[in-house]
Amino acid sequence: MRPRTENDTDVRQATEDDITELVRLRAMLFENFGGDFFAPASGGEDWLDALATVLKERLSTDTDTGSGSVRILAVDGGNGLAACGIGTIEQRLPGPHLRNGRIGQVIGVVTDPRFRRRGHSREIMQGLLDWFRESDVARVDLYASAEGEPLYRDLGFINHPDPSLYWRP
């Protein structure tokens with residue numbers, strides 16, 4: 001873990017009290033990504049209730065044990081959250097390219113536009129990367145927005161060698 005400086009942001013573990021703000025910021029993330037993949041026209045808003053339910057479940061379970069597969073970090077910003085970031089760890093089968101089968105995924109880092117350019121995303125990412133290291137993941141994946149890509153590259157992320165494909169049932 002790197003030493004703190006006086007310019008560091010106070011990043012903290014999110015709690016159940018943050019759920020409304022986490023949902024707001026996550027919705028903002030998809031508005032910014034746009035496109036049919038991230039914001040399909042037929043998507044509706046029922047996913048917001050499902051998101052709140054899953055966040056509540058994960059925050060109560062993973063925060064209690066301290067060893068969960070989800071880490072949700074937040075930065076306060078006055079009357080709500082300024083930023084948040086979510087990381088997950090998935091256990092896959094080990095292989096020569098994935099020695100222990102543990103993959104980290106950054107699910108989304110988003111900063112409210114009123115609080116951008118203050119280092120919140122970088123500090124959240126540093127917190128998630130520290131957690132991934134402590135959790136002995138073999139690799140961390142993420143999808144980057146055009147605005148976020150320079151930060152991720154600065155943190156050491158490189159192009160993935162495999163093509164990214166998906167299928168929806």
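The values are calculated or read from the model by the stated rules, or taken from the named source; none is laboratory data. It should be emphasised that the depicted structure is a prediction, and the values quoted were computed from it without experimental measurement. Please note: Cβ atoms are built from the backbone with ideal geometry, for glycine as well, and neighbour counts cover all protein chains shown. What goes into the accessible areas is simple: the full protein's heavy atoms, side chains included, and nothing from ligands, DNA or RNA. Shrake-Rupley method; radii C 1.70, N 1.55, O 1.52, S 1.80 Å.
Among residues of the stretch 131-150 that are in a loop (DSSP other than H, G, I, E, B), those with a beta-carbon under 9 Å from a residue that is of a type in the set (Lys, Arg) and open to solvent by less than 80 Å² (accessible area, probe 1.4 Å) at least six positions away or on a different chain give the pairs Ser135/Arg71; Ser135/Arg102; Asp136/Arg102; Val137/Arg102; Ala138/Arg102. Scanning the stretch 88-102 for residues that are open to solvent by less than 100 Å² (accessible area, probe 1.4 Å) and of a type in the set (A, V, I, L, M), which turns out nearest to the chain's Cα centre (by Cα)? The qualifying residue nearest to the chain's Cα centre (by Cα) is Ile89. Within the stretch 103-123, residues that are without any contact (Cβ under 8 Å) to a residue 60 or more places away in the chain and surrounded by 17 or more Cβ atoms within 10 Å (Cβ to Cβ) have Cβ atoms under 7 Å from residues that are of a type in the set (Phe, Trp, Tyr) and assigned to a helix (DSSP H, G or I) in these pairs: Gly104/Phe132, counting only partners at least 6 apart in sequence or on another chain. On the stretch given as the stretch 19-47, residues that are of a type in the set (Ser, Thr, Tyr) and at pLDDT below 65 total 1. Is it true that Ala50 is open to solvent by 20 Å² or more (accessible area, probe 1.4 Å), small (Gly, Ala, Ser), at pLDDT below 95 and not in a helix (DSSP H, G or I)? No; evaluated as a whole, the condition is false for this residue.
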